[in-house]
Amino acid sequence: MQTDSSTAKPPVERFEAIVVGGGMVGTALCALLAQAGMKVALVEARPAPLGLDKATGPLPAPRVSALTPVSQRLLAHVGAWPAMQATRVTPYRSMQVWDAEGSGAIAFSADEAGVAVLGHIVENTVTLAALNRQVLDHPNVTTFFGASPQALQRDNGRTANGNRASGDWLILDDGRQLHAPLIVAADGAHSVLREMAGIEVASDDMQQHAVVTTVQCTKPHGGTARQAFIDGRPLAFLPLTVEGNEHYCSIVWSTTPEHADELSALSRDALGEALGDAFGHRLGGVTACDKAHRFPLVQRHARHYVQPHFALVGDAAHSIHPLAGQGVNLGLMDAAVLAEEVVHAWQRGAPWGELSTLRRYERRRRFDNSAMLGLMKGFKVLFGSHDPALTMMRNLGMSGMNQLVPLKRVLMRQATGERGRLPLTCR
Ligand SMILES: Cc1cc2nc3c(=O)[nH]c(=O)nc-3n(C[C@H](O)[C@H](O)[C@H](O)COP(=O)(O)OP(=O)(O)OC[C@H]3O[C@@H](n4cnc5c(N)ncnc54)[C@H](O)[C@@H]3O)c2cc1C
């Protein structure tokens, strides 16, 4: 394709990489590439960036994530962590998981794992606003808020070695034309850009909806993340500390669509009561409950993460059941590994959008993401079963594992994100 400067079309704006989707993953990727020296465009559909001044209210926002220590290191590397810490993060030093149907229970602690914390519960708005601060005024970043891709135009020219020529064009919905040797889709589970690239997705409807809200309990959470499996439906009470008050918890109850309908129809007081009852009042009574939000749970995995000059990251590449709180942690690792491979090629003067570079990213991330998706599917089958043999197995399994310190250490390393070959920015 030739760019045409003789017509009224706006001039082509050229970058070294274009990231579409300014969620947590896309913004982290943009920060990593820009801080390494690359000239990056960030395209985001929301009309304006979220600032730290608007990231928190007196009550915690409904969407939170359990961030692993490895994700924390990445966020610290890009400079976002100090602002997050100064705004609102809740460390958790222990985790309790139990089977409400039987006697199985397992507990993890930071002391046993030899780490300071097992992770932090953070409002997504806090993480995003802190990441935004790293990219908004960065001289290497041009942002396009309130913009979406209208078309992805591929360059069909070939270089002598058979690789496609210099890059592709992204046409925005307002007609602006952007060009780069690498275009990255970070536009979430329903990625429009993935569809434009013709990448297929394997979908697995988990037949559950997540009901999400915030509660206040009579007992303090004490920095422990708790999850009960109630008839195969994981109910998590995740600790949130607001100005020293340890009585808040973020709730994620992954349940049947019918039960989610029932819960969503309850008044706030009745919902709080239902949550306290279902949780066996481990944190006493629920004294206040916010509005319920719900999310259908579908696991998705893109058949390919890369094409020449094109890559998928985060939920655009995979979306996962929230029971182990891994979604954005996996996405941040995608961003870190892709940035590592691309920046390495760019610094050597090698073509960073070529398939050979991008395939290294795919190879390094696909295994970890597939393993985690498979594990969540396995948990759902194991805990959703009424088969007496499976019920006994999971009770014996959980209680047995609880006694086995070396095995627990392995599990804790998984949960804290210490898996495989970590990118340099996360070590
Ligand atoms: C109930 C629930 C609980 C969860 N808990 C956890 C947890 O504890 N820990 C964890 O790690 N993960 C958790 N997750 C998963 C986590 O929320 C997601 O993995 C994460 O938000 C994905 O980030 P992302 O940046 O890839 O995508 P998104 O957050 O979906 O961001 C995509 C961005 O792209 C933009 N966009 C979309 N379309 C376009 C377009 N056409 N043009 C331009 N921009 C576009 C959107 O506006 C958005 O800003 C949970 C998920 C759910 C549903």
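The values are calculated or read from the model by the stated rules, or taken from the named source; none is laboratory data. Being a predicted model, the structure only gives us computed values, none of them experimental. Reconstructed Cβ throughout: ideal geometry from the backbone, glycine too, with neighbour counts over all protein chains shown. Heavy atoms of the whole protein, side chains included, go into the accessibility calculation; ligands, DNA and RNA do not. Shrake-Rupley method; radii C 1.70, N 1.55, O 1.52, S 1.80 Å.
Give me a count of the residues in region 272-294 that are buried (at least 17 other Cβ atoms within 10 Å of the Cβ) and either within 16 Å of the ligand (Cβ to nearest atom) or within 25 Å of Thr27 (Cβ to Cβ) (or both).
Total meeting the criteria: 4.
Considering (1) within 30 Å of Pro181 (Cβ to Cβ); (2) open to solvent by 10 Å² or more (accessible area, probe 1.4 Å); (3) not in a loop (DSSP other than H, G, I, E, B), say which one Gly420 fails and leave the rest.
Result: Gly420 fails condition (3) only.
May I ask you to list the residues in region 311-329 that are assigned to a helix (DSSP H, G or I) and open to solvent by 10 Å² or more (accessible area, probe 1.4 Å)?
Step one: of region 311-329, the residues assigned to a helix (DSSP H, G or I) are 314-316, 322-324, 327-329.
Once the filter is applied, which keeps residues that are assigned to a helix (DSSP H, G or I) and open to solvent by 10 Å² or more (accessible area, probe 1.4 Å), region 311-329 yields Asp315, Pro322, Leu323, Ala324, Gly327, Val328.
Restricting to region 20-36, count the residues that are touching a His at 6+ places or on another chain (Cβ under 9 Å) and either farther than 19 Å from Glu341 by Cβ or within 12 Å of the ligand (Cβ to nearest atom) (or both).
Within region 20-36, residues that are touching a His at 6+ places or on another chain (Cβ under 9 Å) and either farther than 19 Å from Glu341 by Cβ or within 12 Å of the ligand (Cβ to nearest atom) (or both) number 1.
Counting only residues that are at pLDDT 95 or above, basic (Lys, Arg) and open to solvent by 20 Å² or more (accessible area, probe 1.4 Å), how many does region 357-380 have?
The number of residues fulfilling the criteria is 5.
With respect to Phe237, is the statement that it is open to solvent by less than 20 Å² (accessible area, probe 1.4 Å), away from the ligand (no atom under 13 Å from the Cβ) and of a type outside the set (Lys, Arg) true?
In short, no.
Within region 340-356, is even one residue among the hydroxyl-bearing types (Ser, Thr, Tyr) and open to solvent by less than 50 Å² (accessible area, probe 1.4 Å)?
No; the residues of region 340-356 include none that is among the hydroxyl-bearing types (Ser, Thr, Tyr) and open to solvent by less than 50 Å² (accessible area, probe 1.4 Å).
For residues that are under 27 Å from Gln208 (Cα atoms), touching a residue at least 40 places away in the same chain (Cβ under 8 Å) and of a type in the set (Val, Ile, Thr), tally how many sit in region 374-414.
Number of matching residues: 1.
Restricting the first residue to region 168-194 and requiring it to be under 22 Å from Leu128 (Cα atoms) and in contact (Cβ under 8 Å) with a residue 24 or more places away in the chain, which pairs with a second residue that is more than 10 Å from the ligand (Cβ to nearest atom) and of a type in the set (Phe, Trp, Tyr) meet a Cβ separation below 7 Å and a spacing of at least six or different chains?
Ile183/Phe310
Can you run down the residue pairs with Cβ atoms below 6 Å, 6 or more apart or on separate chains, where the first is in region 43-68 and on the phi < 0 side of the Ramachandran plot and the partner is in a loop (DSSP other than H, G, I, E, B)?
Val43/Ala147; Glu44/Gly22; Ala45/Ser148; Pro47/Gly146; Thr56/Arg88; Ala66/Gly325; Thr68/Thr416; Thr68/Gly417
Trp169 versus (1) part of a strand (DSSP E or B); (2) away from the ligand (no atom under 13 Å from the Cβ); (3) under 23 Å from His321 (Cβ atoms): which is the lone unmet condition?
Condition (3) is where Trp169 drops out.
If I filter region 37-80 down to residues being out of contact with any Phe, Trp or Tyr (no Cβ under 8 Å at 6 or more places or on another chain) and among the polar types (S, T, N, Q), which single residue comes out as nearest to the ligand (Cβ to nearest atom)?
So, considering only residues that are out of contact with any Phe, Trp or Tyr (no Cβ under 8 Å at 6 or more places or on another chain) and among the polar types (S, T, N, Q), the one nearest to the ligand (Cβ to nearest atom) is Ser65.
Taking the stated definitions as given, is Phe383 closer than 22 Å to His321 by Cα, open to solvent by 60 Å² or more (accessible area, probe 1.4 Å) and at pLDDT below 85? Steps first, answer last, please.
Details: closer than 22 Å to His321 by Cα: yes; open to solvent by 60 Å² or more (accessible area, probe 1.4 Å): no; at pLDDT below 85: yes.
Criteria not met by Phe383.
Are any residues in region 186-203 open to solvent by less than 20 Å² (accessible area, probe 1.4 Å) and more than 22 Å from His321 (Cβ to Cβ), and if so, which ones?
Leu193, Ala197
Would a scan of region 251-261 turn up a residue that is away from the ligand (no atom under 16 Å from the Cβ), open to solvent by 30 Å² or more (accessible area, probe 1.4 Å) and within 27 Å of Asn124 (Cα to Cα)?
Let us first name the residues in region 251-261 that are away from the ligand (no atom under 16 Å from the Cβ), namely 258, 261.
With open to solvent by 30 Å² or more (accessible area, probe 1.4 Å) added as a condition, the list becomes 258, 261.
Among the residues that remain, those that are also within 27 Å of Asn124 (Cα to Cα) are: 261.
Yes.
Identify, please: which residue in region 219-234 is out of contact with any strand residue (DSSP E or B) (no Cβ under 6 Å at 6 or more places or on another chain) and over 16 Å from Ala107 (Cα atoms) and is, among those, least open to solvent (accessible area, probe 1.4 Å)?
Gly232
If a residue has to be over 26 Å from Ala116 (Cα atoms) and basic (Lys, Arg) to count, how many in region 203-246 make the cut?
The total comes to 1.
Looking only at region 390-427, which residues are among the polar types (S, T, N, Q) and more than 18 Å from Gln326 (Cα to Cα)?
Once the filter is applied, which keeps residues that are among the polar types (S, T, N, Q) and more than 18 Å from Gln326 (Cα to Cα), region 390-427 yields Thr391, Asn395, Ser399, Asn402, Gln403, Thr425.
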